[in-house]
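Bear in mind that the values in this text are calculations on the coordinates, not laboratory data. What you see is a predicted model; the values in this text were computed from it and never measured. Using ideal geometry, Cβ is built from the backbone for each residue, glycine included, and neighbour counts are taken over all protein chains shown.
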Amino acid sequence: MTTRAAVRCIVGAVVLGGMAAPAQTYRIDLGTVAPKESPWHEVLLQMGQDWRRISGGKVQLRIFAGGVQGDEVDMLRRMRAGQLQAVAFSGVGLAHVEPAVGCLSIPLMLDSYEELDHVRERIAPRLEAALAAKGYIVLNWGDVGWVHFFANQPVKTLDEIRKLKLFITAGDPAAEKLYKDFGFRPIPLASTDLRPALATKTVDAFDVPPLFALLEQLFPHAPNMIALKWAPLIGGTLVRKKEWEEIPEKLRGPLLEAARKAGDKMRDKIRKLGDEAIVQMQKRKLNVIQPDEKTMALWRRQTEEAYPKLRGKLVAADLFDEVKRLRDEYREARAAAAKPPVTTGQLAPPAKLPVRR
């Protein structure tokens, strides 16, 4: 090799060695049935913005909202196949991934968001471990709202609901059987088919949170809502563990923290919007049916009579018992805090309320 050629090789090596290799990027494709520009979509957009900022553009979140990737059962299949790396599920979809999540939506078990927060904070580590064992990381937990029954005719009692064709999410034969065992007339359909099914009277009734009924314009086809909090419908965003662990470890902690903060930030807003949704629908001719105390007591008695069938089938027995124990713990603490001060001359120790974080 000539001296000139050697110099060229050395110069080329120096130049090439000094050039930075292109930075690797990590793209997460995420699906959700949440409508575009809805509060749940806003959570995901915020999360994506935070991830881009934290990672310097290396981690990119691409969101497919409004059910364009199918309903939650379809998206779960896509996620298992690796076609989607993440999905923002409602509690219905989460229960398809891990049935234990259903413990947070037991009918008439919880009465308030405060009770839900108390129970969820203490149950969440167990649920997250169960989901991790199946290959999924929980990025955040959220709320969809309190489930209410909507129907195309005025109804007030559980027995009246049982006479109607009730929409349920397709893809869960065990849940369908359970509905039938309880005397319902379930019509399993994809959630994306609910509106046309209402228009054609394939179904007469459904149970969803008011905010979802408003945003999806379901209530005009079923303009009667029972003012009874049937169960809280939670939400959660999952990402496949495989793709998550491909992201550098030093980024994963801050990314997860940002995802949790985005979910927490929107929680109070979503809850407030749920109440406002009822008012907005009433202005558009929604008939809100308020059961009297006797009817409410009947709902509770009939539902609690069904608990032995739910316990161990819909929800594992130990989880069912733990949710009930935590609920009772919260209620006892509230009751103790509400007691009038002791007038015997001795001061009673202050009751400790569970802290809501």
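Quick look at the numbers
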{"quantity": "Column: log10 I(q)/I(0), Debye, Cα scatterers of segment 153-280, q = 0.12, 0.16, 0.23 Å⁻¹", "calculated": "-0.63, -0.92, -1.40"}
{"quantity": "Computed lengthening from D159 to A227, 0.36 nm per intervening residue step minus Cα-Cα distance", "calculated": "22.9 nm"}
{"quantity": "Quarter of the Cα convex hull surface for segment 37-121, i.e. its orientation-mean projected area (nm²)", "calculated": "7.2 nm²"}
{"quantity": "Most fluctuating residue given options L104, L251, L131, as computed from a GNM of the chain linking Cα atoms under 10 Å", "calculated": "L251"}
{"quantity": "For the chain, diffusion coefficient by Stokes-Einstein and Kirkwood Rh (Cα), 25 °C, 0.890 mPa s, µm²/s", "calculated": "108 µm²/s"}
{"quantity": "In sequence order, calculated HN-Hα J values of segment 322-335 (Karplus, 6.51, -1.76, 1.60; Hz; x Gly/Pro)", "calculated": "5, 4, 5, 5, 5, 4, 5, 4, 5, 5, 5, 5, 5, 5"}
{"quantity": "Segment 26-57: chymotrypsin sites (Phe, Trp or Tyr not before Pro) in DSSP loop, at most 12 other beta carbons within 10 Å", "calculated": "none"}
{"quantity": "Order of V92, V97, V288 under a 10 Å beta carbon neighbour criterion, fewest first", "calculated": "V288, V97, V92"}
{"quantity": "Cross-link partners of K309 among aspartates and glutamates (Cα-Cα below 16 Å; sequence separation of 8 or more within a chain)", "calculated": "E176, D181, D318, D321"}
{"quantity": "Cα shape, segment 208-330, gyration tensor, a/c 1.5 rule", "calculated": "oblate"}
{"quantity": "Orientation-averaged projected area, Cα convex hull of segment 88-188 (nm²)", "calculated": "7.3 nm²"}
{"quantity": "Dipole magnitude of segment 24-317, debye to nearest 20 (Cβ charges: Lys/Arg +1, Asp/Glu -1, about Cα centre)", "calculated": "420 debye"}
{"quantity": "Spatially proximal lysines relative to K313 (Cα-Cα < 18 Å; intrachain offsets below 8 disregarded)", "calculated": "K177, K180, K324"}
{"quantity": "Counted charge near I63, where neighbours are those whose Cβ lies closer than 13 Å (Asp, Glu -1; Lys, Arg +1)", "calculated": "+1"}
{"quantity": "Sequence-distant residues sharing a close amide H with N287 (under 5 Å, placed H)", "calculated": "N224, M225"}
{"quantity": "Å³ per residue enclosed by the Cα convex hull of segment 207-249", "calculated": "121 Å³"}
{"quantity": "Stretch gain in nm, segment E257-V279, where the contour uses 0.36 nm per residue and the Cα spacing is subtracted", "calculated": "4.5 nm"}
